[in-house]
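Okay, structure first, notes after.
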Amino acid sequence: MKTKIAIIGAGPSGLLLGQLLHKAGIDNVVIERRSAKYVLGRIRAGILEYGFVDLMREAGVHTRMDAEGLRHDGFEIAIGEDRTRIDLHGLTAGKSVLVYGQTEVTRDLMEARIGAGLPTHYECEVIELRGLNTGKPTVVFRSDHEDCVLECDYIAGCDGFHGVSRRSIPGDTLREHEKVYPFGWLGLLSDTRPASDELIYNKSDRGFALCSMRSESRSRHYLQVPLSEKVEDWSDDRFWDELKARVPADVASTLETGPSLEKSIAPLRSFVAEPLQYGRLFLAGDAGHIVPPTGAKGLNLAASDISTLFTLLVSIYEQGRTDLIERYSETCLRRIWKAERFSWWMTTMLHHLDGTDIDRKLIDAELDYYLNSEAGLTTIAENYVGLPFDRLE
Ligand code: APR
Ligand code: PHB
């Protein structure tokens, strides 16, 4: 089996790259460990930056997103009863974000791939990458207990945090930076009206809570919980009662509650691997970095890696620009570290943290400063809508 680009992983990173490459006439094969149904069953964030939206348009996969996505021109930060609106549109010269779930993005990309008849091998686990420093690397994957080999020119490691790609970079080359937070997010998805027209990030004495949504009739809410909590101990009633206790009183009084469609606990982590390129392997998306979800940067960061990788591969195939390969890691990392900083900042400002009294007072003062200064609000807004994609040269 042979292709130009072997893409490992059929999450949003792998599928988006595959679609862009297909449109540019560059052959690619996607190999995914799980079934398509399993991939679509994972509930993830749902805020798209304008840069992500533009890339979906470039990939020609935008019809449903444009029709069903909800444009949000602002969001709120509530500290107890005190609500501040971040006017994204006004503070960023007209930019906004789009509420459209990652599940829907993935579904649209999967359908486009099927429609174009592109090769995707589901339920095939990649077990080894060979010859990364040669002109003809290979990907070894297991299909129905049989080992298969895919020969290619380049490998896109889009296989998430637990994938095989990052582990294929030798230990003396790879550096990993990591911070694990001492709490998680308990999320609940329900067919209920959203708490408000816009998202509300709530800081309360009982911990952080987020009121988000997927559509005008589907809500996604989160509660900060200790890592020791078990999802089985959270009945729907307990979740809704705790949420009401963490949001402003008028939000609580009109909050529509209902049965959960999904409920899960996710840990919070900041993680960056360096470099993101080794020989003919490129890491993109969660394979190379993780952000805590506060600020919804994970999916969007994957898109900027994919944009850079796509530009690079097109430059190689159309202009023979292999000299740009060594620019990949540095170009992606500049933007990644800024998104890591913003996600860490939002997490630190809004969660209930153990620590000394003075730590908490300093954080309260910093947040008070940002929320009451035009410069502070602008900083939050421009990071939230997404910083511009960096160019390779
Ligand atoms: N072989 C084949 N596929 C693999 C392997 C392997 N050895 N290891 C992992 N995979 C697959 C996973 O099953 C998964 O479907 O790679 C895919 C990676 O997808 P994601 O984890 O969704 O990562 P990515 O596409 O980079 O998406 C980034 O997802 O986690 C969120 O916050 C993140 O929103 C961001 C987005
Ligand atoms: C979500 O809707 O899942 C979501 C929204 C915003 C965030 C994180 C998650 O910051």
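None of the figures in this text is laboratory data; all of them are computed from the coordinates on show. As the structure is a prediction and not an experimental result, all values here were calculated from the model. Quick reminder, even Gly has a Cβ in these numbers, built from the backbone with ideal geometry, and neighbours come from all protein chains shown.
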Kirkwood Rh, Cα atoms: Rg over Rh of region 111-187:
1.06
How much length, in nm to one decimal, is gained on full extension between D241 and D205, taken as 0.36 nm per residue of separation minus their Cα-Cα distance?
11.5 nm
Diffing region 76-90: the Karplus 3J(HN,Hα) column from phi (6.51, -1.76, 1.60, θ = phi - 60°), in whole Hz with x for Gly and Pro, holds 10, 10, 10, 10, x, 8, 8, 9, 10, 8, 8, 7, 4, 4, x
At 0.36 nm per residue, minus the direct Cα-Cα distance, what do K2 and W337 gain on full extension? Give it in nm, one decimal, please.
117.1 nm
For the peptides 183-195, 230-242, what is the packing order when you average, over each peptide's residues, the other Cβ atoms within 10 Å and list the highest mean first?
183-195, 230-242
On a 26 Å Cα-Cα criterion, which of the cross-link pairs K179/K361; K179/K297; K2/K338; K95/K244; K263/K338; K4/K338 come out too long?
K2/K338; K95/K244; K263/K338; K4/K338
Put +1 on the Cβ of every Lys and Arg and -1 on every Asp and Glu Cβ in the chain; which of S190, Y384, V39 then has its Cα farthest towards the positive end of the dipole?
V39
With springs only between Cα atoms under 10 Å apart, run a GNM on the chain and tell me which of K203, K37, K297 wobbles the most.
K37
With R₀ set to 30 angstrom, the calculated FRET efficiency between the beta-carbons of E58 and S264, to the nearest 0.05, is 0.40
Computed over the Cα atoms, what is the radius of gyration of the chain divided by 2.2 N^0.38 Å, N being its residue count?
1.00
Rounded to the nearest Å, the spacing of the alpha-carbon centers of region 175-191 and region 355-389 is 20 Å
Options L324, L350, S373, ranked by Cα towards positive dipole end of region 291-393, top entry (Cβ charges):
L324
Read phi for every residue in region 180-186 and hand back ³J(HN,Hα) as whole Hz from Karplus 6.51 cos²θ - 1.76 cosθ + 1.60, θ = phi - 60°, with x for Gly and Pro.
9, 8, x, 7, x, 10, 8
Nearest-0.05 FRET efficiency for V180 and T378 at R0 = 35 Å, using Cβ-Cβ distance, is 0.65
Amide N of region 306-334 lying under 12 Å from the label point, which is placed 7 angstrom from the Cα of N133 along Cα→Cβ
none
Out of residues 5 or more away from K2 or on other chains, whose amide H comes under 5 Å of its own, with H placed 1.01 Å from N in the peptide plane?
E151
Beta bridge orientation in the chain: antiparallel %, DSSP, nearest 5
75 percent
Semi-axis lengths, Å, region 268-355, gyration tensor of Cα atoms, sqrt of 5 times eigenvalues:
30, 11, 9
Under the rule of -39500 (n - 2.57) per DSSP H run of 4 or more residues, summed and divided by the residues of the chain, what mean residue ellipticity at 222 nm is obtained, to the nearest 500 deg cm²/dmol?
-11000 deg cm²/dmol
As a test of the definition: which semi-axes, in Å, follow for region 1-69 when you take the square root of five times each eigenvalue of its alpha carbon gyration tensor? Largest first, please.
22, 18, 9
Please report E382, E256 as a ranked list, fewest other C-beta atoms within 10 angstrom at the top and most at the bottom.
E256, E382
What would the Debye formula give as log10 I(q)/I(0) at q = 0.23, 0.25, 0.26 Å⁻¹ for the alpha-carbon point model of region 303-393, no solvent?
-1.09, -1.20, -1.24
Using +1 at the Cβ of each Lys and Arg and -1 at the Cβ of each Asp and Glu in region 45-179, identify which of Y100, C158, G74 lies farthest towards the dipole's positive end.
G74
Normalised alpha carbon radius of gyration of region 117-250 [divisor 2.2 N^0.38 Å]:
1.57
Place a label point 7 angstrom from the Cα of D147 along the Cα-to-Cβ direction, then list the residues of region 15-31 whose backbone nitrogen is under 20 Å away.
31
